[in-house]
Every structure is written in C-alpha cells, then in structure tokens.
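A short write-up of the structure that comes next.
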Amino acid sequence: MKHNQYFEIIYEDESILVIDKESGVLTIPDRYNHNLPSLSQILSEVYGKIFVVHRLDKDTSGVMLFAKDADTHSELNIAFENNDIKRIYHVITQGVIPQDYIEIDIPLVQSRQKSHITIPSAKGKSSLTKLKVLKRFKNTTLAECELVTGRHHQIRAHLQAIGYPLLVDDLYGNNSSFLVSSIKRRYNLKKDTEEQPLISRLTMHSYSIEFIHPKNKKQLQFIADYPKDFAALLQILEKYS
C-alpha cells in the first residue's frame, strides 16, 4: 500500500512494520533542520510510538524495518548486534569489479576532520561487507552487498576503499548524477535544452531483509523491488554495454 510519496507498506502486524522507503526522505529528523520530512516523524503520526531499528541514508531507497513496541525493538536490536538479521543491498558502482566475490574486511572510523564521513583506519571498528557481483557493464558493475556489521556509511566507505565507489555518490565518489551522454556516443539534444540526469541520488538500494520474528519466531524475508530511477539506469547500462 502506497503511503504518501515517502514509503509503501510491505508488511505489518501488531509488533513490526516493514516498509519500502523512497529515496530522498530521512529516517530520523535532521539535526539542524527539523522541517525536513523524516520517516520516524511521519510514522509516529500514524502509529503513535514507533521504534527505529536501523537507518537508511536519505538518498538510499528500499526495505526498512520498524518496531511497534519497546520489547520488540529491544529483541531486534539484540538480533542486529548478533548479526542475526541479514541485510542485502544492491549497488551500482563505478568501474568493472573483476572478482566475483569479495569480503571487504576493513576497519572503519568516523573522520575527525569531516564528522559525517567514515574512513578506513587500523584504529577503527571491525567492519565487514560481503560483495557479490551480479552483472558487469561497460564501465560499471551491479553488485550485491551483504551488510554484516552496520557502521555509519559502511558500504559507501568500503566501496571507495577498494576503488569502486558508487556510480553516483558525491561524498565518497566523483559523481552527483548520471547522464546518458556519458556512455552514449553521439548523444543528441534538442536545441536550447539541457540534458536531465537519469539518476541524481546514491546508486544504492536496500534490496532485502531476513530475520526471525521476535514474537512468533518465524523466519521472514522481505524484498523491495527496484524503484523506477534505479531500474531505468540498469536498462540504459545494459543497452549501451
């Protein structure tokens, strides 16, 4: 069920809520600008108290899990700490990753110079991302990343560390958007028009989450289909590779 422009409900019962988040909406309120919409605010208006179990970056789309009560929240937090919740992200990177599978086991720490950036450091917390290549294109790769630990900006920092940042990521990569003209030779624009980017947000999508329900102990898995911009980008990469 589509719930305004920010999310769609995938699953709901008395203790958990699973949604498909649109890109461009915050998980929790912005520290400096409380007027920006955030899921925790929007959901608390509907449900009263809602508990954030994990976060997605503002520009990341896809599946997210919330708890409806403190006990469920606490149990899901423990499951996260014990790595009992499996989270899969699909990413489109710059460059062609030659290996089919990589375990990116690089400790990460938040930078002192730039507080919102995460950097590799021997003094950092142990961080593990398991990467599997799904498809290679001309100059890019579609890969699956399993987030084993959940550090701040972990996937983005890890991809940058191995030399394959997200195709669109102006913080850890070099692009703030993707233009078709960058891969299509002889790209013709109508006179006096400017090319519109195909995508101008992080090329990262929270694809699936798998966990044991804290109350009925059933194994659950939820998948969020690719949003239009992500799917359109893959079509274009396929076409011109």
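Every number here is computed from the coordinates shown, using simple stated rules; none is lab data. Since we're looking at a predicted model, the values are computed, not measured. Positions of Cβ are backbone-derived with ideal geometry, glycine not excepted, and every protein chain shown enters the neighbour counts.
With θ taken as phi - 60° and the coefficients 6.51, -1.76 and 1.60, list the Karplus ³J(HN,Hα) couplings across region 29-36 in order, rounded to whole Hz; mark glycine and proline as x.
In residue order, the calculated couplings are x, 5, 4, 9, 10, 6, 7, 6 Hz.
For region 66-112, state which trypsin sites (Lys or Arg not before Pro) are in a DSSP loop and have at most 15 other beta carbons lying within 10 Å of their beta carbon.
Qualifying residues, ordered by number: ARG112.
Counting Lys and Arg as +1 and Asp and Glu as -1, what is the net charge of the other residues whose Cβ lies under 9 Å from the Cβ of GLU14?
Working: positive: LYS68, LYS215; negative: GLU12, ASP13, ASP69.
Local charge sum for GLU14: -1.
For the residue pair SER177 and ALA232, what label-to-label distance in nm results when each label sits 7 Å from Cα along the Cα-to-beta-carbon direction?
In this crude spin-label approximation the distance works out to 1.2 nm.
Taking Rh as the Kirkwood radius, which is the inverse of the mean 1/r over Cα pairs, what is the Rg/Rh value for region 65-203? Display every interim value, and only then the final one.
Values: Rg = 18.0 Å, Rh = 16.9 Å.
Ratio of gyration radius to Kirkwood radius: 1.06.
Please give the charge dipole size of the chain, origin at the Cα centre, charges +1 on K and R Cβ atoms and -1 on D and E Cβ atoms. Round to the nearest 20 debye.
Numbers: 31 positive and 29 negative charges, 170 e Å.
Dipole magnitude for the chain comes out near 820 debye.
Run the reach check for LYS228 against aspartates and glutamates, Cα to Cα strictly under 17 Å, same-chain hits fewer than 8 apart removed. What comes back?
Answer for LYS228, where 17 Å is the Cα cut-off: GLU8, ASP20, GLU22, ASP59, GLU238, listed by chain and number.
Please work out the Cα center distance from region 74-118 to region 195-241, rounded to the nearest Å.
Using only Cα atoms to place each centre, the spacing works out to 16 Å.
For region 2-239, what log10 I(q)/I(0) values come out of the Debye formula at q = 0.11, 0.13, 0.15, 0.17 1/Å, with one point per alpha carbon and no solvent?
Taking Cα atoms of region 2-239 as identical point scatterers yields -0.61, -0.84, -1.10, -1.36.
Give me the percent relative contact order of region 99-241, please, defined on Cα pairs under 8 angstrom at least 6 residues apart.
Details: 224 pairs, mean separation 22.2, N = 143.
In percent, rounded to a whole number, it is 16.
Using θ = phi - 60° and the Karplus form 6.51 cos²θ - 1.76 cosθ + 1.60, what ³J(HN,Hα) does each residue of region 125-140 get, whole Hz, x for Gly and Pro?
With coefficients 6.51, -1.76 and 1.60, one gets 7, 4, 9, 10, 10, 9, 10, 10, 6, 9, 7, 10, 10, 4, 10, 9 Hz.
Within region 1-110, which chymotrypsin sites (Phe, Trp or Tyr not before Pro) sit in a loop by DSSP and count at most 12 neighbouring Cβ atoms inside 10 Å?
Sparse-neighbourhood loop chymotrypsin sites (Phe, Trp or Tyr not before Pro): TYR32.
State, in angstrom, two size descriptors of region 98-153 derived from its alpha carbons: Rg to one decimal place and Dmax to the nearest whole number.
Rg, Dmax (Cα atoms, Å): 13.3, 37.
Treat each spin label as a single point 7 Å out from the Cα along the C-beta direction, and report the GLU14 to SER200 distance in nm.
Each label point lies 7 Å from its Cα, and together they span 4.7 nm.
From the phi of every residue in region 171-181, what ³J(HN,Hα) in whole Hz does the Karplus formula 6.51 cos²θ - 1.76 cosθ + 1.60 yield, where θ is phi - 60° and glycine or proline is x?
Values per residue, Gly and Pro as x: 8, 10, x, 10, 10, 9, 7, 10, 10, 4, 4 Hz.
Taking 35 Å as R0, compute the FRET efficiency from the Cβ-Cβ separation of VAL96 and SER126 and round it to 0.05.
E between VAL96 and SER126, to the nearest 0.05, is 0.80.
Grab the Cα-Cα distance for GLU210 and LYS184, subtract it from 0.36 nm times how many residues apart they are, and report the gain in nm with one decimal.
Numbers: separation 26, 0.36 × 26 = 9.36 nm, distance 3.83 nm.
Roughly 5.5 nm would be gained on extension.
What is the distance, in nm, between label points placed 7 Å from the Cα along the Cα-to-Cβ direction at VAL52 and at ASN33?
Simple spin-label model gives 1.7 nm for this pair.
Which lysines does LYS49 reach when only Cα atoms under 28 Å apart count, and residues fewer than 8 places away in its own chain are ignored?
LYS49 reaches LYS2, LYS21, LYS58, LYS68, LYS86, LYS215, LYS217, LYS218.
Report, in whole Å, the centroid distance computed from the Cα atoms of region 1-70 and region 121-155.
24 Å
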